[in-house]
Amino acid sequence: VIAGTGAGQVRSNGRFIAAYNYTGIQTNITNAVNNILQALPANSEFEYDTNMNGIQYPVNVNVFASVAGGSGSGMLIDVLSLINAALSNLALNYNLYPWLFLPEVFRAMSTGPAMANVLYNTYGALNCLDYIQQLDVDKTPVDFNHTVIKDKLFNYAYVINNLNRAGISFDRLDDLADVVAKCAFLPANKMGDELQSPFDNIV
């Protein structure tokens, strides 16, 4: 971390931080995945619903990030790649969905020098993600020295600004985060089957 302020709103700093701390990030992600997949206690009142009619449910992994700042937009590619590697090593059937906060969220809540790079950072992050998603990585792997991307980074991404369908602007990140958390949770289980869902038009 540069002077305790993350990447300092500079995307290239975020890329450097990810490369420099690659091993530690990889270890943390692997540990997190292993902790989530631990068996439930024998006396638990819950149980894992892992299959329906003999079909195994995929594990849905949601990654929440801002592509406006230096750290989030700079490290996103590396983090998604490492999550893919950790899940692939466990031979899991999984879907990976990044939820990406756009610069409007922050520009509506703050002004001044801290907002100077948010549009540039967002463009850089989305441009790189799109390039990798469109690439035939089986024939042309993307080599970042510390990691080689051989597959698509994610199934599809949600991009989020600060307006709802009624045109109401969110002016507090906490309120917006609450809405996004509900959107991510509801389609992840049977409660989402009878509701309007982004999956209806994609999957």
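The values are calculated or read from the model by the stated rules, or taken from the named source; none is laboratory data. Because the structure is predicted, anything quoted here is derived from the model rather than measured. Every residue, glycine as well, gets a Cβ built from its backbone with ideal geometry; the counts of neighbours run over all protein chains shown. All accessible areas refer to the heavy atoms of the entire protein, side chains included, with ligands and DNA or RNA removed. Shrake-Rupley method; radii C 1.70, N 1.55, O 1.52, S 1.80 Å.
Listing for the model above:
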| read-out | value |
| --- | --- |
| Residue within region 125-139 that is within 24 Å of ALA181 (Cβ to Cβ), open to solvent by less than 50 Å² (accessible area, probe 1.4 Å), among the hydrophobic types (A, V, I, L, M, F, W, C) and part of a strand (DSSP E or B) present | no |
| Per-region count, region 19-45, residues free of Cβ contacts under 8 Å to residues at least 60 places away in the same chain and assigned to a helix (DSSP H, G or I) | 14 |
| Candidate set: region 140-159, residues that are farther than 19 Å from VAL67 by Cα and among the polar types (S, T, N, Q); chosen: the one surrounded by the most Cβ atoms within 10 Å (Cβ to Cβ) | THR147 |
| For VAL179: the one exception among (1) modelled with pLDDT of 80 or more; (2) in a loop (DSSP other than H, G, I, E, B); (3) open to solvent by 50 Å² or more (accessible area, probe 1.4 Å) | (2) |
| Verdict on VAL61 being among the β-branched types (Val, Ile, Thr) and within 16 Å of LYS152 (Cα to Cα) | yes |
| Failed criterion for LEU102 (all others in (1) surrounded by 19 or more Cβ atoms within 10 Å (Cβ to Cβ); (2) within 19 Å of the chain's Cα centre (by Cα) hold) | (1) |
